[in-house]
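See below for the structure under consideration.
The values are calculated or read from the model by the stated rules, or taken from the named source; none is laboratory data. Just so it is clear, the model here is predicted, and its values are computed rather than measured. Glycine also receives a Cβ, built like all others from the backbone with ideal geometry; neighbour counts cover every protein chain displayed.
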Amino acid sequence: MINLRLDPMQFDFIIEKLDALVSVGTRRLGVEIEILEALAARPKEVVAFKLKTGESNMPLTLPFGDQDQFFVSLSVNGAPVGAFPNGPDGKPQTASVTSSDPNTVTLTLDTTAEPDTDGTVTVASGTVIAAGTPAQPNVPITVTLNINNADGSVAASATDTVTVSKSAIEATGILFGTPVPVPAKSISK
């Protein structure tokens, strides 16, 4: 938490810069800003805000030939789970990932789930790879994550997009940034 005492001119300058960062820079720089106290408080003397570094929850954009890690989190009845639940047949569920255009974007799952760097509980992780010469540059490519029962039926799924861009300097955004809800009817009790 940062508390600053500002005169009104400084306050207006900071607000202008924060507005610019929130509207443009957040997506480009991967910085989230949480306003903890009303910025329009009177008198304009104390501003409190928290900066949290990390990727924003926007679709992933990758430069040509680049790759990034992704993490899969699950929730059942709104609560995070630390392992794949058992399906209706009592056997553990698994994950699979596919790309609508493997000539632009490919995905692979890790053999063992890597922990997310932000501490989020994960059940799977993997790598998303942008082609060096993508078939469809600058086009959002749909990627699908399925949570599968042992019989091959899909218990839950999530979709996201990845754009491969020549103008991108580094990976921005996040793939599968929210926990995938698995319906309670899709798991054994």
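When SER157 is tested against (1) at pLDDT below 90; (2) of a type in the set (Ser, Thr, Tyr); (3) over 22 Å from GLY82 (Cβ atoms), just one condition goes unmet, and that condition is (3).
Taken over segment 146-157, the criterion of being surrounded by 19 or more Cβ atoms within 10 Å (Cβ to Cβ) and small (Gly, Ala, Ser) is satisfied by ALA155, ALA156. Just one of the numbered conditions (1) surrounded by 15 or more Cβ atoms within 10 Å (Cβ to Cβ); (2) at pLDDT below 50; (3) closer than 30 Å to SER157 by Cα is not true of ASP68: (2). Taking PRO80 as the residue in question, decide whether it is under 22 Å from THR144 (Cβ atoms), modelled with pLDDT under 90 and either assigned by TED's automatic domain parsing to the domain that holds VAL139 or not basic (Lys, Arg) (or both). The answer is yes for PRO80.
Looking at SER167, is it part of a loop (DSSP other than H, G, I, E, B) and of a type in the set (Ser, Thr, Tyr)? Spelling it out, SER167 is indeed part of a loop (DSSP other than H, G, I, E, B) and of a type in the set (Ser, Thr, Tyr). A single entry from ASP89, ASP118 fulfils the requirement of being among the acidic types (Asp, Glu), in the same structural domain as THR159 (by TED's automatic domain parsing) and modelled with pLDDT under 85: ASP118. Of all positions in segment 160-173, at least one carries a residue that is within 15 Å of the chain's Cα centre (by Cα), surrounded by fewer than 19 Cβ atoms within 10 Å (Cβ to Cβ) and more than 13 Å from PHE71 (Cα to Cα).
The residues in segment 125-162 that are β-branched (Val, Ile, Thr) and without any contact (Cβ under 8 Å) to a residue 40 or more places away in the chain can be counted, and the count is 3. Right, GLY132: assigned to a loop (DSSP other than H, G, I, E, B) and either surrounded by 12 or more Cβ atoms within 10 Å (Cβ to Cβ) or touching a strand residue (DSSP E or B) at 6+ places or on another chain (Cβ under 7 Å) (or both) or not? Spelling it out, it is not the case that GLY132 is assigned to a loop (DSSP other than H, G, I, E, B) and either surrounded by 12 or more Cβ atoms within 10 Å (Cβ to Cβ) or touching a strand residue (DSSP E or B) at 6+ places or on another chain (Cβ under 7 Å) (or both). Within segment 135-164, the set of residues being among the β-branched types (Val, Ile, Thr) and either assigned to a strand (DSSP E or B) or in contact with a Leu (Cβ under 9 Å, 6 or more places away or on another chain) (or both) comprises ILE141, THR142, VAL143, THR144, ILE147, VAL154, THR159, THR161, VAL162, THR163, VAL164.
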